[in-house]
Amino acid sequence: MNHLVKTIQENLAKVQEQVSVAAQSAGRRSEEVKIVVVTKGQPLETIQAAIFAGAKILGENYPEEAYSKMMRLERHEEIEWHMIGHLQTRKAKIVVENFDFMHSLDSIRLAEKLNRLCEEKGRKLPVLLECNVGGEESKGGWMAHEERLWSDLLPVVETCLGFNNLEIHGLMAMPPWDENPEHTRPYFVMLKKLQDFLSRNFPSVDFSELSMGTSVDFNVAVQEGATYVRIGEAIVGSRQKNLSNLSA
Ligand SMILES: *Cc1c(COP(=O)(O)O)cnc(C)c1O
């Protein structure tokens, strides 16, 4: 086995173990938590190695970068590709044609476009609504950092429910960066509360998935209810900045 595969396999096992410990400490089952291995900014051989090491879900931020890597990889039917970054409407087609899941739906305009492209393609796209729990202007997602803003999300959900080719599965958040995961915990708690609020208001809609937590804070995210953790560097190592700039 090559060195890179071995390293990634060990990292993945370590992360799985930590997820399992965090889940148990919160009275949850570790099977409820799926690991998205984030491969943005990683070269092809790293992605290949991650697949050999047992990664099942790969997360990418930049549609062109992801597409170019997908085209050069052998086809792996068992791998799911998840879009986790902000998506410009004009690049929506790349996602509809190549991705299995969208974590970062953050506008009605984008939802409309994705829905129309899915219609043409004859497919459904599972999506999460990205919520801006930190209130940072520089980030995507519907503003949700104060409870009084949550009712503004009701018409958003209502509109999305009218898009028949999009399937809402839950919420996603990318809180303000902080090296101390305890500082990030309140944002995870807030996303969980927002999930409860939306579930109460739309009892027939499935909001069960919560995508939250990265390399630095996934333990805390799992304790607070994450069902998807999005982990890059802790599994596949540091990124090559030039790759992600390619399509920025
Ligand atoms: C890059 C990225 C991640 C992974 O970050 P790491 O620090 O490498 O774990 C997760 N989510 C989103 C939205 C990202 O852009």
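The values are calculated or read from the model by the stated rules, or taken from the named source; none is laboratory data. Since the model is a prediction, treat every value here as computed from it, not as a measurement. We place every Cβ from the backbone using ideal geometry, glycine too, and count neighbours over all the protein chains shown.
Please give the number of the condition ARG109 fails out of (1) part of a helix (DSSP H, G or I); (2) free of Cβ contacts under 8 Å to residues at least 60 places away in the same chain; (3) touching a Lys or Arg at 6+ places or on another chain (Cβ under 9 Å).
(3)
Quick test of your reading of the structure: PRO175 fulfils all but one of (1) more than 15 Å from ASN132 (Cβ to Cβ); (2) within 12 Å of the ligand (Cβ to nearest atom); (3) in a loop (DSSP other than H, G, I, E, B). Name the failing condition by number.
(1)
Considering only the stretch 20-43, how many residues are over 14 Å from SER238 (Cβ atoms), within 15 Å of the ligand (Cβ to nearest atom) and basic (Lys, Arg)?
1
Could you tell me whether PHE207 is more than 12 Å from the ligand (Cβ to nearest atom), modelled with pLDDT of 95 or more, part of a helix (DSSP H, G or I) and not acidic (Asp, Glu)?
Answer is no for this residue.
Condition first: touching a helix residue (DSSP H, G or I) at 6+ places or on another chain (Cβ under 6 Å) and surrounded by fewer than 22 Cβ atoms within 10 Å (Cβ to Cβ). Now tell me which residues in the stretch 55-64 satisfy that.
none
Can you pull out the residues in the stretch 30-53 that are surrounded by fewer than 17 Cβ atoms within 10 Å (Cβ to Cβ) and touching an Asp or Glu at 6+ places or on another chain (Cβ under 8 Å)?
Residues satisfying the conditions do not exist here.
Say we look at the stretch 42-86 and pick out the residues that are part of a loop (DSSP other than H, G, I, E, B) and touching a residue at least 60 places away in the same chain (Cβ under 8 Å); which of these is farthest from SER211 (Cα to Cα)?
PRO43
Each row is one residue, and each column tells you yes or no for (1) at pLDDT 95 or above; (2) within 26 Å of SER107 (Cα to Cα).
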| site | (1), (2) |
| --- | --- |
| ASN165 | yes, yes |
| THR214 | yes, yes |
| ILE235 | yes, no |
| LYS241 | no, no |
| LEU246 | no, yes |
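Among the residues of the stretch 44-66, write down those that are of a type in the set (D, E, K, R) and either closer than 20 Å to MET172 by Cβ or within 16 Å of the ligand (Cβ to nearest atom) (or both).
LYS56, GLU60, GLU64, GLU65
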